[in-house]
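What follows is a short report on a single structure.
The values are calculated or read from the model by the stated rules, or taken from the named source; none is laboratory data. Remember, it's a predicted structure, so these values are computed and weren't measured experimentally. No Cβ is skipped: glycine too gets one built from the backbone with ideal geometry, and neighbour counts run over all protein chains shown.
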Amino acid sequence: MRFLVLGAAAGGGLPQWNCGCPNCRDARSGKIASATQSSLAVSLDGQVWAVLNASPDIRAQMMGCPSMHPRELRDTPLVSVLLTNGDIDHIAGLLSLREQTPFTLFATSEILGVLAGNPVFNALNAEKVSREQVEIDRPFEILPGLEALVFPVPGKVPLFMEGDLVRTDLVGEQTVGVRLSDARRVAYYIPGCANVTADLLDMLGDADQIFFDGTLWSDDEMIRSGTGTKSGLRMGHISISGPDGSIARLAGLKAKKTFIHINNTNPVWQPDGPERAFVRAQGWSVAADGMEIET
Ligand code: MLT
Ligand code: MN
Ligand code: ZN
């Protein structure tokens, strides 16, 4: 399995248009690399691709990847798109894929419902882009020879659909992880996860490679940095650090582990910072745009 990180950042990207935090300033000045919004591409042969989450930046992301360029007049090596939730950073890119070239769009019924509830997505011609409903725990072929399966992970409804009372521990079809397997290897992609439950930990036991929610370093990061009022938990994202954080919770796994969907406030973006050194020492890598990982 060949993975290409199209976008390593969480919603907003790095830098985020309205943010003057230290990371965003460093990205603007070129001191650290910029990153586009959340998306991962996967291929077996480098010829045809599936894209996991359609980021608002997908046009530039595909442009930067020669093996995803059209091979003839109107064409794409993109075979399918799979959505793991209905957040803007994962669905808005569909609007850029509207130019009458066929691909298959896979999502759970709840996530398809988000699209159905927003008529702007009718811009995707249903005769060309078939919306295939996937069922929890039922395998399907996302690419020829590559099996995918979605499973619930703790999360919440999309930000733009939140009501007055928000549950952040929903386990259902609104937030899913993806298990990918070919004949030899198993990989997981979980860009949004509020908590590592015993079930989830159990499931990840067979992983060779895991791409995991790296949104925040610490739960109060946005509050302390003055960039927001919400905790990580309230946003539906487990933190990297701390006794209940993802590093601690996933420590026993044999897989190679990579943080992805990283918020612009996260100190792990700093390549020479102590947080990056700590993550590395714990056996994790940090995704970057254009990073290729083969498993
Ligand atoms: C998230 O991952 O929490 C969302 O992308 C937030 C957002 O839509 O801005
Ligand atoms: Mn997001
Ligand atoms: Zn920022």
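Consider Gly13 carefully, then state whether it is closer than 22 Å to Ile142 by Cβ, within 16 Å of ligand 1 (Cβ to nearest atom), crowded, with 23+ Cβ neighbours inside 10 Å and modelled with pLDDT of 95 or more. Spelling it out, it is not the case that Gly13 is closer than 22 Å to Ile142 by Cβ, within 16 Å of ligand 1 (Cβ to nearest atom), crowded, with 23+ Cβ neighbours inside 10 Å and modelled with pLDDT of 95 or more. Restricting attention to the stretch 86-105 and to residues that are outside any helix (DSSP H, G or I) and within 16 Å of ligand 1 (Cβ to nearest atom), the residue that is surrounded by the fewest Cβ atoms within 10 Å (Cβ to Cβ) turns out to be Gly86. Note on the stretch 146-177: residues that are within 16 Å of ligand 1 (Cβ to nearest atom) and either polar (S, T, N, Q) or in a strand (DSSP E or B) (or both) total 7.
If the condition is being buried (at least 17 other Cβ atoms within 10 Å of the Cβ) and not hydroxyl-bearing (Ser, Thr, Tyr), then the stretch 209-227 contributes Gln209, Ile210, Phe211, Phe212, Asp213, Gly214, Leu216, Trp217, Asp219, Glu221, Met222. Could you tell me which residue of the stretch 37-65 is surrounded by the most Cβ atoms within 10 Å (Cβ to Cβ), considering only residues that are within 13 Å of ligand 1 (Cβ to nearest atom) and of a type in the set (Ser, Thr, Tyr)? Looking at the filtered set, the residue picked out is Ser38. For the stretch 192-295, the strands (runs of 3 or more DSSP E) that sit wholly inside it and include 2 or more residues that are within 16 Å of ligand 2 (Cβ to nearest atom) are 209-213, 256-260.
Here's the yes/no breakdown for (1) over 27 Å from Asn264 (Cα atoms); (2) of a type in the set (D, E, K, R); (3) touching a residue at least 12 places away in the same chain (Cβ under 8 Å):
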| position | (1), (2), (3) |
| --- | --- |
| Pro22 | no, no, no |
| Gly30 | no, no, no |
| Gln37 | no, no, yes |
| Ala54 | no, no, yes |
| Met62 | no, no, yes |
| Leu73 | yes, no, no |
| Pro102 | yes, no, yes |
| Phe106 | yes, no, yes |
